[in-house]
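Okay, structure first, notes after.
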C-alpha cells in the first residue's frame, strides 16, 4: 500500500468519568480501502467514531491525516478535512428537498453569499448519479424510503468532499436487496479512492466488503488483519475473547395452550388488516417481512399504541379490549420496542428506575416507592441478564446499546408478562450480547412465556422461532413451522412472491 | 454530593447573605422582621413548588399570576358574604384547580403548547377580572378573615407553618410516590413513558390542576394578610416562581429538579430586598441582583452541559 495512510490513529485514549471507553486504540485507513471495525457493544466503536469526527476530544494519543499530525479535531474541521459519517438513522432534514439537503453539505463561500440553486441542483444530480441513485432531486426527503435516504446522505458526504467515510451499521434497517445495492455503492466509492470505515455486526457484510478488519475489545484494538484468509469463527473469537457456544438455543418445551388469540385484527391508521394469529405459551413466533410490511405496526396495535378498530383480541380465552399501553400491560402483554434509544429506555433515569417503570401499580401497591425493593429487583435483573454496569444508579444513557436492550427487556420481564413482543431484539447488538439475549429469550419461553419476535435478521428468525409468520402489505401472508422453513421460501413470501391466499398490494413504500 | 452541587451552591449563597447580615446588620434577625420576610416568601414558595412540577413535566404555566388574582377576589367575596373560613379556603383552592384544569385540558387533551395556552389564559383571566370588578377592592371582610381572626404574629406563624408543611409533603411525595416519578418520566421522554404504560396526558393534566390548586392556596394565604383584597394581586408571580425554580436547579427542558433546591432559590431571591434595606443599600438594585442570580444560575447550567459534552 502507498504511504502515508489517509488516516492514522495511534494510542487513542478516552475516559468518561470513571469509565475508560478507549484504552489505547491504533487504527489506520488508506484511500481506496474498506476497513471494517468490529467489536461488541461497549467495546468502544462509537467512541472511536466520535473521536474521528471530532465530537469527542481524546485524552491521549495522536491523529494523523495524510501524514500530518492534527492537534485537535472538532466537527467543523473534521468536515473540512473530508471526514464524514453516516449513521443507522439518516440524519437528513425531512421537510427539505433532496437538492436542499445535498446543498447543505456543499461548500459555500460565505453565509451571506447567494446560493445558485440551478447549479446546486445539477451538482446534486451528479452526486446522486455517482452513488447510483435514481432519485428526483426535487422530492422531499421524508417521502423517500430508508435506503434512498441513505444514498442521499452518502451523496451529501461526497459533495462535501468526503475522503474518509464512516458508515455505522448502514444496513441495519435495509432489506436484503437494498443491502446489495449499498454494497455496489461502497465498492464503487472504493474504486474512486475514498477510504471507508465500515461498522457492522453482520459477518457476511464484513467478508463481502472489507479489505481489512480491526477488532476492538474493551476499548483496545486487539487485531488488524486482512479479511482474506480469515474466517468467521476466528473473528468472533477475537471479538468476544472466548468461544461462542452454539448460536441458537433449542426449545425444551412443547407449546401449551393458546395465550394470545387474534382474529380479523385491523387498524386503518397503521395499515394493518385481517390478522389472524394464535400465540401459545412456551413458543416463539418469529415475524419476518420487509421493512414496511406491517410487523411493527401490528405490534403497536396489539400493545394499544394505535388501537385496533376491527377484529378481536383474546387472552387465555377471554376477550380483551386493548385501547392503551396501560391496558396492554394490565392484560399481561409486554413490548420491547425497536427504537430503544428513543422509547425503550429513559436515558436520563437510573437503570433501576427504568426497570420498575412499567410495574408501579403492582410493585408499589400503595403508591409509595420502596427504594430497597427496587434496588433488589434491579440488582437481580442486572445479574440475571448480565447487564454491564457498576450499579443500578447509573443513568440508562450511559450504557451501550446491548445493555440498554437488556434494561428494556428487564422492564418488561418485571411485569411478569404472559406475552412478550420483541421488536428487533438484537438490532445493533454485538455477537456476544446477541447470543446472551437469545438464551434469555429461550429460557423465558421455556418457563411458559409466549413470545412474538419481530426480526429483519433472517438467520435469527429461522434459528430462534418455533413458528414463523411472514407479513406483507399489513397482514400475515404465510406461516411456517420451524421445520419446513428455509431462507428462500421465507424471503419469497416476505417479498410477496408466493402464490398465497391473500393477494395484497404493499400498503406504502 | 456532586450530584446536588447545583442545589447546595444556592443554599450556600443564601447562607452567605445571612452571614453578611449577621455581621453588618444584626437587627435583620428581629422576629417580627423575619416573620414578615418569610410571609412575603410564602406565596412564591407555594407557586414555585407547583411550577417545579410543571417544568419537570416539560411544560410551563405563565397564567398563575392571573389565577392568583381571580382566586383572591373569589376568596374575598366568599368571605364577605359571610361564609365560614373553611368554605373560603375551599373556594379559593377549587377556583385555582378549575383554572388549572382548563389549562390542562387544552395542553394535555388538545396538545397545544403550554406557553401558548397559558399566555392566552393569563390575558383572559386578567382582563375578565378587570371588566368584572373594574379594579374595585373587595372590602367589608369579616373579622375572622384577616389573619384568620388571630393576632398578627400568630397569623403569620400559621401561614408560614402551612407553607412549610405543604412543602415537606410535596417534596416527600415527589420523591417517594409513583406519581412523582411519573412526572419525571413524562418530562424526560413522553413517548417512552407512554410505552411503559404511563398516561402522559393524565400526568400533564394532573400537574396543571395541582399548579392551579396551589396558586389558589397561595392567593388565600396572601389575601388574609390584608384588610381588603386587591384585584391586581399576583402580577409577576409567574416570573418569580419560574425564576426560583430555575435558580433552584430545575432544568427548563424537563425531567430534572428537586423541590428543596427550589426552596433555597425562593429564600435566596426573596432575601435580597430586605438585605438591601438593612445593609443601607439602594433598594432599587433588587431586580438587577435577582436578574444577575438567574443569569449566574443558567450560565452555570450551560457551563456544566458544555463541559459534560467534551
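The values are calculated or read from the model by the stated rules, or taken from the named source; none is laboratory data. A quick note: this is a predicted structure, and the numbers were derived from the prediction, not measured. All Cβ positions, glycine included, derive from the backbone under ideal geometry; neighbour counts span all protein chains shown.
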Checklist entry - Which of the residues belonging to segment A:312-337 are part of a strand (DSSP E or B) and touching a helix residue (DSSP H, G or I) at 6+ places or on another chain (Cβ under 9 Å)? => result A:313, A:320, A:333, A:334, A:335, A:336
Checklist entry - So residue B:175 clears everything in (1) facing chain A (nearest Cβ under 10 Å); (2) outside any helix (DSSP H, G or I); (3) surrounded by fewer than 16 Cβ atoms within 10 Å (Cβ to Cβ) except one condition, right? Which one? => result (2)
Checklist entry - When residue B:111 is evaluated against the numbered criteria (1) modelled with pLDDT under 95; (2) surrounded by fewer than 21 Cβ atoms within 10 Å (Cβ to Cβ); (3) away from chain A (no Cβ under 14 Å); (4) over 29 Å from residue A:335 (Cβ atoms), which criterion, by number, is the only one it fails? => result (4)
Item to check | Filtered residue count, segment B:259-310, keeping only those that are closer than 30 Å to residue A:72 by Cα and over 22 Å from the mean Cα position of the chain (by Cα) | outcome: 11
Checklist entry - Considering A:352, A:308, A:358, which residue is more than 7 Å from every other protein chain (Cβ to nearest Cβ), touching a residue at least 24 places away in the same chain (Cβ under 8 Å) and part of a helix (DSSP H, G or I)? => result A:352
Checklist entry - Would segment B:159-170 turn up any residue that is under 28 Å from residue B:79 (Cβ atoms), in a helix (DSSP H, G or I), within 14 Å of chain A (Cβ to nearest Cβ) and within 21 Å of the chain's Cα centre (by Cα)? => result yes
Checklist outcome for this item: When segment B:100-139 is checked residue by residue, the ones that are part of a loop (DSSP other than H, G, I, E, B) and more than 30 Å from residue B:201 (Cβ to Cβ) are B:134, B:135, B:136, B:137, B:139
Item to check | Set B:234, B:212, B:261, B:216: member being more than 14 Å from every other protein chain (Cβ to nearest Cβ), assigned to a loop (DSSP other than H, G, I, E, B), out of contact with any strand residue (DSSP E or B) (no Cβ under 9 Å at 6 or more places or on another chain) and surrounded by 22 or more Cβ atoms within 10 Å (Cβ to Cβ) | outcome: B:234
Checklist entry - Residue check, residue B:135 against (1) farther than 24 Å from residue B:252 by Cβ; (2) touching a residue at least 60 places away in the same chain (Cβ under 8 Å); (3) within 14 Å of chain A (Cβ to nearest Cβ), all met but one. Which one? => result (3)
Checklist entry - Can you spot a residue in segment A:392-411 that is part of a helix (DSSP H, G or I), within 11 Å of chain B (Cβ to nearest Cβ) and surrounded by fewer than 20 Cβ atoms within 10 Å (Cβ to Cβ)? => result yes
Next on the checklist: Take the residues in segment A:39-69 that are assigned to a strand (DSSP E or B) and surrounded by fewer than 19 Cβ atoms within 10 Å (Cβ to Cβ); name whichever of them is farthest from the other protein chains (Cβ to nearest Cβ).
Outcome noted: A:68
Next on the checklist: What's the number of the only condition in (1) crowded, with 20+ Cβ neighbours inside 10 Å; (2) within 14 Å of another protein chain (Cβ to nearest Cβ) that residue B:118 fails to meet?
Outcome noted: (2)
Checklist entry - Which ones in segment A:263-300 are under 23 Å from the mean Cα position of the chain (by Cα), more than 14 Å from chain B (Cβ to nearest Cβ) and outside any strand (DSSP E or B)? => result A:270, A:289, A:290, A:291, A:292, A:293, A:294, A:295, A:297, A:298
Checklist entry - Looking only at residues in segment A:480-500 that are outside any loop (DSSP other than H, G, I, E, B), within 25 Å of the chain's Cα centre (by Cα) and crowded, with 16+ Cβ neighbours inside 10 Å, which one is modelled with the lowest pLDDT? => result A:491
Checklist entry - Tell me, which residue of segment A:363-385 that is part of a helix (DSSP H, G or I), within 11 Å of another protein chain (Cβ to nearest Cβ) and without any contact (Cβ under 8 Å) to a residue 24 or more places away in the chain is farthest from residue B:172 (Cα to Cα)? => result A:374
Checklist entry - Which of the residues belonging to segment B:140-155 are more than 17 Å from residue B:81 (Cβ to Cβ), in contact with a helix residue (DSSP H, G or I) (Cβ under 7 Å, 6 or more places away or on another chain) and in a loop (DSSP other than H, G, I, E, B)? => result B:150
Checklist entry - Which residues, counting only those in segment A:180-201, are within 17 Å of the chain's Cα centre (by Cα) and touching a residue at least 60 places away in the same chain (Cβ under 8 Å)? => result A:198, A:199, A:200, A:201
Checklist entry - What number goes with the only condition from (1) surrounded by 17 or more Cβ atoms within 10 Å (Cβ to Cβ); (2) within 25 Å of the chain's Cα centre (by Cα); (3) in a loop (DSSP other than H, G, I, E, B) that residue A:84 does not pass? => result (3)
Checklist entry - Scanning segment A:312-343 for residues that are more than 7 Å from chain B (Cβ to nearest Cβ) and under 24 Å from the mean Cα position of the chain (by Cα), which turns out farthest from residue A:276 (Cα to Cα)? => result A:341
Checklist entry - Which of the residues spanning segment B:237-258 are farther than 18 Å from residue B:296 by Cβ and assigned to a helix (DSSP H, G or I)? => result B:237, B:238, B:241
Next on the checklist: Being within 14 Å of chain B (Cβ to nearest Cβ), more than 23 Å from the chain's Cα centre (by Cα) and surrounded by 18 or more Cβ atoms within 10 Å (Cβ to Cβ) is the requirement here; does residue A:75 meet it?
Outcome noted: no
Checklist entry - Among the candidates A:126, A:153, A:205, which residue alone is more than 21 Å from residue A:37 (Cβ to Cβ) and part of a helix (DSSP H, G or I)? => result A:126
